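Colleague: Okay, handing you the structure first.
The values are calculated or read from the model by the stated rules, or taken from the named source; none is laboratory data. Model, not experiment: these values are computed from the prediction. Cβ: placed from backbone, ideal geometry, glycine included. Neighbour counts: every protein chain shown. Quick note on the areas: whole protein, heavy atoms, side chains included, nothing else; ligands and nucleic acids left out. Shrake-Rupley method; radii C 1.70, N 1.55, O 1.52, S 1.80 Å.
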Amino acid sequence: MKLTLYTDYSLRVLMYLGTRQTDEKVQIDEISDYYNISKNHLTKVVHNLAKLGYIHTVRGRGGGIMLKYKPEDMKIGDVVRNTEDNFHMAECFRHDNECVLTPVCGLKFVLNDALENYLKTLDEYTLQDILPKAMMR
């Protein structure tokens, strides 16, 4: 299973924030420069992470973003579920499925089992578990 760039960037933002002090506000520019990612893309990601309740945003002079929860309280599986747009691993997962094999094919069940195990594994890890040690302050 391949994560979308959106989910990848979401995890990177959370990882970056997770390496900072609890009350330390970080600018989007700083994260953009660190990862060499477009500020416009990160702004959309940050907006969504705030809507989902993962981060606080403080506007204006002296503003920035910071984690809303401790890294050990944020499950990676939840973040992936909330930031991926779909988990369509094959045509048979889509609502507009036109595959002629669907009524007799067992592939969807195998892929669905794999997907469930994939997400179950991600649920076993928190943001704290994946923080890059070299970035820790």
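Colleague: Only helices (runs of 4 or more DSSP H) wholly contained in the range 39-134 count here; list those with 3 or more residues that are open to solvent by 30 Å² or more (accessible area, probe 1.4 Å) and farther than 18 Å from Thr7 by Cβ.
Modeller: 107-123
Colleague: Quick one: Glu24 ticks every box in (1) outside any helix (DSSP H, G or I); (2) surrounded by 15 or more Cβ atoms within 10 Å (Cβ to Cβ); (3) of a type outside the set (A, V, I, L, M, F, W, C) bar one, so which box is it?
Modeller: So the condition that Glu24 fails would be (2).
Colleague: Give the number of residues within the range 69-120 that are in contact with a Gly (Cβ under 6 Å, 6 or more places away or on another chain) and over 30 Å from Asp23 (Cβ atoms).
Modeller: 1
Colleague: Out of Gly64, Gly77, Gly53, report the one residue that is small (Gly, Ala, Ser) and in contact with a helix residue (DSSP H, G or I) (Cβ under 6 Å, 6 or more places away or on another chain).
Modeller: Exactly one residue qualifies, and that residue is Gly77.
Colleague: Six or more apart or on different chains, Cβ under 8 Å: which pairs go from a residue in the range 60-78 that's without any contact (Cβ under 8 Å) to a residue 24 or more places away in the chain and over 16 Å from Arg12 (Cβ atoms) to one that's surrounded by 15 or more Cβ atoms within 10 Å (Cβ to Cβ) and hydroxyl-bearing (Ser, Thr, Tyr)? Could you list them?
Modeller: Lys68/Tyr54; Tyr69/Tyr54
Colleague: Would you check which residues across the range 29-38 are among the β-branched types (Val, Ile, Thr) and in a helix (DSSP H, G or I) and list them?
Modeller: Within the range 29-38, just Ile31 meets the criteria.
Colleague: What tally of residues in the range 1-43 results from selecting those that are under 17 Å from the mean Cα position of the chain (by Cα), in contact (Cβ under 8 Å) with a residue 12 or more places away in the chain and more than 30 Å from Asn112 (Cβ to Cβ)?
Modeller: 11
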